[in-house]
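Trainee: Can you keep this structure in mind? I'll have questions shortly.
Throughout, read-outs are computed from the coordinates displayed, never taken from laboratory work. What you see is a predicted model; the values in this text were computed from it and never measured.
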Amino acid sequence: MVVLGLLGVLALVIGGCVCVVWAERGGPRWVRVVAAVTRGAGELLHSAGRGSRGSGSRTSSDDGD
């Protein structure tokens with residue numbers, strides 16, 4: 001059962017990545033919506049991961065430049 005859940009999450013991630021690429025090439029409106037949701041989820045996970053590492057572990061790639 002856990003494997004099916006992980007496969008479902010993997011399918012959603014791959015589908016989201018496909019939609020991001022397709023939206024960059026001018027896909028239909030629903031693709032742009034899915035791409036926006038995917039990017040938002042990625043930013044949310046990125047910021048959550050950044051906060052869990054603590055403030056003293058910043059590297060040059062964490063500057064946002």
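Trainee: State the extension gain, in nm to one decimal, for the chain segment bounded by Ile14 and Ala48, taking 0.36 nm per residue of separation less the distance between their alpha-carbons.
Mentor: 10.1 nm
Trainee: Here is a further query. Per-residue HN-Hα couplings for segment 2-17, Karplus 6.51 cos²θ - 1.76 cosθ + 1.60 at θ = phi - 60°, whole Hz, x for Gly and Pro?
Mentor: Once θ is set to phi - 60°, the couplings for segment 2-17 become 5, 4, 5, x, 5, 5, x, 5, 4, 5, 5, 5, 5, x, x, 5 Hz.
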